[in-house]
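Each remark here refers to the structure printed beneath this line.
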Amino acid sequence: MKKERFKETVFFEDIPDTGLEFYYADLPGLLDEISECSPNGAIEAHLRLTRRGKNIWAEGTIECELSLNCHRCLEPYPYPLSLRYAYLLIPREVKCHMKEEISLKPEDLDVAFFDGVRLELFDVFREQVLLSLPVKQLCKEDCKGLCPSCGFDLNKGDCACSMVRPDNPFSVLRKLKFAS
């Protein structure tokens, strides 16, 4: 049975001057469409939204354990995730008016855009989880991966295939014959 997907929309006008806080013990459906990872249990999230003029300051935390697939051996492994995030959400209309070139300070790099009317919390949480995933997903730092010839997991031992491994990648050039 498929869980109901988490949905929450916050309208800009509904955020009071004192801010608005959200806490979720679970975010069902957050990673349903992502084949590279899946949650092992609940995804716990906290979010605080504060108005700053026409902008929204968003800060929060996400705690969960994900199941990722190793890029070398393709085996799933647990990946604990505990992250803090903070960034400024700017209405897209402001982005359109930025025609001149500006220099960015480090704090300006944590910026995202929203339509100026409503903010989809699902998108905020999903973006933060996806941005926190490692580029190279490895079950362990010294993972040996799969044999390129037979596909045997080399972490479990040596494979039985008789693949001849050249000394180096350029050794195949010795076999080239040049016409005179």
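Brief remarks on what is shown
- Cβ-Cβ contacts under 9 Å between residues 6 or more apart (or on different chains), taken from a first residue in the range 58-87 that is among the basic types (Lys, Arg) to a second residue that is part of a strand (DSSP E or B), are listed as Arg72/Leu146; Arg84/Glu59; Arg84/Gly60; Arg84/Thr61; Arg84/Ile62.
- When the range 41-56 is limited to residues that are surrounded by 15 or more Cβ atoms within 10 Å (Cβ to Cβ) and free of Cβ contacts under 8 Å to residues at least 40 places away in the same chain, the one that is nearest to the chain's Cα centre (by Cα) turns out to be Glu44.
- Taking the range 16-40 as the range and being within 18 Å of Pro78 (Cα to Cα) and under 15 Å from the mean Cα position of the chain (by Cα) as the test, the residues that pass are Leu30, Leu31, Asp32, Ile34, Ser35, Glu36, Cys37, Ser38, Pro39.
- Test: Cys73 is in contact with a strand residue (DSSP E or B) (Cβ under 8 Å, 6 or more places away or on another chain) and either surrounded by fewer than 16 Cβ atoms within 10 Å (Cβ to Cβ) or over 28 Å from Gly151 (Cα atoms) (or both): no
- Conditions (1) within 30 Å of Glu65 (Cα to Cα); (2) touching a strand residue (DSSP E or B) at 6+ places or on another chain (Cβ under 7 Å); (3) at pLDDT 85 or above: number failed by Asp110: (3)
- Residue in the range 16-25 that is part of a loop (DSSP other than H, G, I, E, B), of a type in the set (A, V, I, L, M) and either modelled with pLDDT of 90 or more or within 30 Å of Asp142 (Cβ to Cβ) (or both) present: yes
The values are calculated or read from the model by the stated rules, or taken from the named source; none is laboratory data. Remember, predicted model here, so these are calculated numbers, not experimental data. Positions of Cβ are generated from backbone atoms using ideal geometry, with glycine treated the same way; all protein chains shown enter the neighbour counts.
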